[in-house]
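Asks: Please find one structure pasted underneath; my questions will follow.
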């Protein structure tokens with residue numbers, strides 16, 4: 001068996017000599033990547049935490065790193081000064097919420113109703129305040145809270161001692177959480193939000209930096225080599241969602257290890273994405289099916305040519321010829337074939353002349369009389385008829401068409 005060959009007992013980190021698996025789907029603060037949106041959200045949360053009151057709302061699409069952000073923040077807090085309780089909601093109602101919050105803070109509350117749970121919580125929070133400790137409640141998946149449960153949380157933020165709030169609450173959830181909080185019935189909750197931030201998806205450059213950051217954290221030493229053309233494909237099909245990026249990149253490295261490849265190219269990425277798409281293991285972009293169909297036609301018929309191809313150039317600023325040629329050359333290299341040249345087909349001289357004549361006729365300004373109120377009385381048409389100027393314009397247009405057809409016939 002060749003050295004470092006992957007078998008059923010090994011994963012790709014063995015083949016590529018990585019110290020750990022870089023693209024796990026479960027959140028791991030040690031792989032935290034502080035992109036622009038992440039850094040802004042963390043700054044908002046730290047500011048709000050220092051305010052020590054009210055609600056803080058953090059939203060984002062599934063897989064954008066909300067749980068990682070919360071873990072990163074909690075890790076930075078002085079544990080000797082803060083009591084942190086985390087609760088993942090599963091559509092809790094108001095009567096169950098207080099019991100769950102008490103248990104999250106480690107209280108052994110008897111199942112004797114909401115009033116008992118509230119009493120235990122209030123006593124615990126006051127003791128924490130006397131010890132000069134803060135109490136922070138983090139509720140993940142908060143978009144599943146009912147309106148009544150959210151109202152119970154608002155009442156908890158009203159608990160005070162010596163005019164100091166006893167509890168601060170972080171609401172973390174998907175984008176639906178914003179709609180819930182902004183609804184008319186939640187106005188009092190909305191008024192208690194001291195900070196709100198939204199985690200955006202990564203852009204293409206951030207996607208590249210994210211992939212390389214996680215690889216370096218796992219001891220990557222440029223094995224496998226990653227083609228620069230991989231990153232646009234990874235970004236396009238993941239939509240910049242970190243969890244999807246992890247899924248695609250993890251499968252890409254596994255594919256490379258199984259195939260004994262030390263350089264991964266566009267062809268490898270497209271194969272992996274196609275497999276994931278077929279297995280429905282990842283939610284690709286809504287246009288994924290259309291993109292796959294277009295790329296299949298690209299392979300069968302070749303790249304588009306002429307002015308349309310130039311207008312549909314890459315958003316990166318690179319000419320379409322350069323982008324298409326780069327991708328085709330890499331795919332040809334993987335098959336052991338010579339590089340492919342992409343040449344724009346130009347029309348013949350005769351076709352250009354014919355097109356110019358047709359364009360001139362088509363672009364001719366149509367004849368429109370001036371507004372009626374500006375036309376002299378003797379030029380205005382009689383009731384139920386047209387003026388001689390209108391008929392003259394029509395005659396000019398007809399003659400222009402006849403001449404154009406005659407000239408086009410000569411060229412043909």
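Asks: Sort 243-253, 126-136 by the packing proxy (mean of other Cβ within 10 Å over each peptide's residues), most packed first.
Replies: Packing proxy ranking, top to bottom: 243-253, 126-136.
Asks: Rounded if a/c is under 1.5, else prolate if a/b beats b/c, else oblate: with a ≥ b ≥ c from the C-alpha gyration tensor eigenvalues square-rooted, which is the stretch 36-199?
Replies: Note, shape of the stretch 36-199 comes out oblate.
Asks: Rounded, prolate or oblate, given the Cα gyration tensor of the stretch 14-123, with a/c below 1.5 counting as rounded?
Replies: prolate
Asks: Another question, then. How many nm is it between the label spots at residue 75 and residue 400, if each spot is 7 Å from the Cα in line with the beta carbon?
Replies: About 7.1 nm, to one decimal.
Asks: Return 279, 176 ranked ascending by Cβ neighbour count within 10 Å, so the fewest neighbours appear first.
Replies: 279, 176
Asks: For residue 185 and residue 271, calculate 0.36 nm times their separation in residues minus their Cα-Cα distance, and state this gained length in nm to one decimal.
Replies: So the chain would gain 26.0 nm between residue 185 and residue 271.
Asks: Please compute the modelled spin-label separation between residue 119 and residue 192, points set 7 Å along Cα→Cβ, answer in nm with one decimal.
Replies: For residue 192 paired with residue 119, the spin-label model returns 2.2 nm.
Asks: Tell me, what is the FRET efficiency for residue 261 and residue 91 to the nearest 0.05, using R0 = 56 angstrom and their Cβ-Cβ distance as r?
Replies: 0.75
Asks: Ok, one more. Principal axis extents for the stretch 138-199, Cα atoms only, whole Å, descending order, please.
Replies: Cα extents, longest axis first: 36, 24, 16 Å.
Asks: For the peptides 158-168, 182-192, what is the packing order when you average, over each peptide's residues, the other Cβ atoms within 10 Å and list the highest mean first?
Replies: Going from most to least packed, we get 158-168, 182-192.
Asks: Any idea how far apart residue 130 and residue 39 come out in nm if each label point goes 7 Å out from Cα toward Cβ?
Replies: 4.5
Any read-out appearing in this document is the output of simple, stated calculations on the displayed coordinates, not a laboratory observation. Keep in mind that what you see is a predicted model, and the values were worked out from it rather than measured. Note that each Cβ is placed from the backbone with ideal geometry, even for glycine, and that neighbours are counted across all protein chains shown.
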